[in-house]
Amino acid sequence: MEKMKVAVMTGVMKLQFVEREIPYPSGDDVLVKMEYVGVCGSDLHFFEHCRIGDCVVTPPFVLGHEAGGTVVSVGRNVKQLKPGDKVALEPGKTCGECEFCLTGRYNLCPDVAFFATPPVDGIFQEYAVHPAKLCFKIPPTMDTMQAALIEPLAVGFNAAQTGGAALGKTAIITGAGCIGLVSLLAAKALGTSQILVSDIIEKRLQMAEKLGSDITINSACSDLSEAVCAFTDRHGVDFAIETSGNESAANQAIASLKRGGTLVLVGYSSSGKMTLDISRALDKQLNIKTIFRYCNHYPLAIKAVKQGLDIKSIVSDVFEFDDIQAALKRSILHKSETVKTVIKF
């Protein structure tokens, strides 16, 4: 059997390359050669702490779930893909039989097997077998780096649609990391007329400006509620997308919303808990919503990139697979200089 290189997490801030057999696709699966895999915030949390809240990683474990690559071979039942096709991999395989799968909310399936979510290994490796129905062929005008970035962009579209993004709407996005930026791109693609982005890291705010935010606010230096008042002639914004997982930012978002507005909570707090200004939310009759990953958003995200959405602009760093440990360490130790890291195979 042929071998492939796999980056295995062996402990806190430690990776080791090992060789494993290249898997063989059967039935409804395809074998994909990885070309780009994005580094997600969850990868960094696991790498730094071996846990996210109650979800604990027990090494050895393989991280990575944002993948784009080329189909190498297909299972006997696969008709829609062939060797040479470029694909974006949706990382969660669901049961297809539970209440949530049968009602089209498969992201809530309790039995999902999701890359890099314990106990399922991720795809910081040269090849992966995956169901063909979860490998979305990209058009010839797209490349596999864009394919790898479809995964976070799908989160952005879920957040923006949940907030009610549309022509004439105004919004604030708190947090300008990867998910904040893809939420900005998605909200703009859906027609949102004015968008304010806040963060405390200047490089991320500069990226938000580059991607089309109308105003950026460094909330460590300026009063966000005053900025929103001026931005909206004291009306408040129609919807807010909170991506930072920061309690203060979430409450600033509540303060920034107009009466009857919508708060979309996306970011996880480090403790798993927040104290929110519920009295103000009640007085405004806010709609408080949450999202979990995405559901049927890959086709929309791919179509948006095909039509010109500049998803690669969020990438700040590209590392070769051989340098993956340095890539993860830099993303953790130099957060103020890093927006989105991608691993090239």
Name the residue, out of Leu205, Leu184, that is in a helix (DSSP H, G or I), within 17 Å of the chain's Cα centre (by Cα) and among the aliphatic types (A, V, I, L, M). Leu184
The one condition Phe17 fails out of (1) in contact with a helix residue (DSSP H, G or I) (Cβ under 9 Å, 6 or more places away or on another chain); (2) within 15 Å of Asp121 (Cβ to Cβ); (3) crowded, with 23+ Cβ neighbours inside 10 Å is (3)
Test: Gln307 is of a type in the set (S, T, N, Q), under 22 Å from Asn251 (Cβ atoms) and at pLDDT 95 or above: no
Residue match in the stretch 236-247 (condition: assigned to a helix (DSSP H, G or I), touching a residue at least 12 places away in the same chain (Cβ under 8 Å), surrounded by fewer than 18 Cβ atoms within 10 Å (Cβ to Cβ) and under 24 Å from the mean Cα position of the chain (by Cα)): yes
Within the stretch 126-169, how many residues are touching a helix residue (DSSP H, G or I) at 6+ places or on another chain (Cβ under 9 Å) and not acidic (Asp, Glu)? 25
Positions within the stretch 158-178 being crowded, with 24+ Cβ neighbours inside 10 Å and part of a helix (DSSP H, G or I), in sequence order: Asn158, Ala159, Ala160, Gly163, Cys178
Take Ile332 and tell me if it is assigned to a helix (DSSP H, G or I), at pLDDT 95 or above and touching a Pro at 6+ places or on another chain (Cβ under 9 Å). no
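The values are calculated or read from the model by the stated rules, or taken from the named source; none is laboratory data. These figures come from a predicted structure and were not determined experimentally. All Cβ positions, even for glycine, are placed from backbone atoms using ideal geometry, and neighbour counts span all protein chains on display.
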